[in-house]
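Read the structure below first, then the notes.
The values are calculated or read from the model by the stated rules, or taken from the named source; none is laboratory data. Just so it is clear, the model here is predicted, and its values are computed rather than measured. Every residue, glycine among them, receives a Cβ derived from its backbone with ideal geometry; neighbour counts consider all protein chains shown.
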Amino acid sequence: MTKDDFNKQLDGIIEIVKSTLMVKQGDYVPADNRMSQFIRAGEALRCTPARALVGMMQKHDTTLLDYVDMLEQGKLMTIQRWREVLIDGINYRIMLLAMIEELNASLRAQQEAMEKPAAPAEDEVDGGPEGEEFMGDESVEEGGVCPLCHTGRLELEPVENCTCHIAPPCSACMDRMLICPDCGWSQREEVGK
């Protein structure tokens, strides 16, 4: 195969991959989330959407192995059948990469949100050098001083109804707000006012 012939093949494959992904998007994605079918499959199988996707991809990989076995035995398959199984395998890998990139971005954001800032110096909590009472700054953050009692340290409220085992990170983990364990102050109550 010449370089030109290969490049023509490559261009044709890329076009088929793209058009197949667009057609299947209309067939399999009733929701706005392109990964909704893998999320539902993960829920049904009690695994992550990524593992559900890999399971579906394995069907194409084992079929491909069967085709290679038949080829080695001198049995011919139509080029259309080869294309179908190979293109589907490529498309599953593209979907998996997109899913992993989205998950990594979400996990990175979650980790950044959970990092604790440095605690204020002791004299800031008990009063400044001139004996002034510390009032804190306008913003509240994890590890900061409570805006109500001025002594408690703010922490994230406990997680309730976590579904990270299905589709991490879940809203229960991502939407936590700050509380003061000393006086009971709640950022959620302040936002609701």
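When 74, 89, 131 are checked against the criterion of being surrounded by fewer than 10 Cβ atoms within 10 Å (Cβ to Cβ) and modelled with pLDDT of 90 or more, a single residue qualifies: 74. Restricting attention to region 169-193, the residues that are under 20 Å from residue 147 (Cα atoms) and touching a residue at least 24 places away in the same chain (Cβ under 8 Å) total 10. For beta carbons closer than 9 Å, sequence separation of 6+ or different chains, a first residue in region 1-14 that is at negative phi and a second that is among the hydrophobic types (A, V, I, L, M, F, W, C) and part of a helix (DSSP H, G or I), the qualifying pairs are 13/86; 13/87; 13/90.
Restricting 45, 97 to those that are in contact with a Gly (Cβ under 8 Å, 6 or more places away or on another chain) and loosely packed, with under 13 Cβ neighbours inside 10 Å reduces the list to 45. If the requirement is being on the phi < 0 side of the Ramachandran plot and within 20 Å of the chain's Cα centre (by Cα), which of these qualifies: 54, 85? Exactly one of 54, 85 is on the phi < 0 side of the Ramachandran plot and within 20 Å of the chain's Cα centre (by Cα), namely 54. Only one of the numbered conditions (1) at pLDDT below 90; (2) over 32 Å from the mean Cα position of the chain (by Cα); (3) farther than 30 Å from residue 152 by Cα is violated by residue 121, and that is (3).
Using the structure shown, decide if residue 154 is in contact with a strand residue (DSSP E or B) (Cβ under 7 Å, 6 or more places away or on another chain) and modelled with pLDDT of 70 or more.
Values: in contact with a strand residue (DSSP E or B) (Cβ under 7 Å, 6 or more places away or on another chain): yes; modelled with pLDDT of 70 or more: yes.
The answer is yes for residue 154.
In the set 23, 17, 85, which member is part of a helix (DSSP H, G or I) and in contact with a His (Cβ under 9 Å, 6 or more places away or on another chain)?
On the way: 23 fails: in contact with a His (Cβ under 9 Å, 6 or more places away or on another chain); 17 fails: in contact with a His (Cβ under 9 Å, 6 or more places away or on another chain).
Criteria check complete, one pass: 85.
Of a type in the set (D, E, K, R) and at pLDDT below 80: does that describe residue 115? Yes: the conditions hold for residue 115.
The set of residues from region 1-55 being modelled with pLDDT of 80 or more, of a type in the set (Gly, Ala, Ser) and within 24 Å of residue 103 (Cβ to Cβ) comprises 41, 42, 44, 50, 52, 55. Scanning region 47-82 for residues that are touching a residue at least 60 places away in the same chain (Cβ under 8 Å) and not in a helix (DSSP H, G or I) yields one hit, 48. Within region 98-108, being among the hydrophobic types (A, V, I, L, M, F, W, C) and within 12 Å of residue 35 (Cβ to Cβ) holds for 98, 99, 100, 103.
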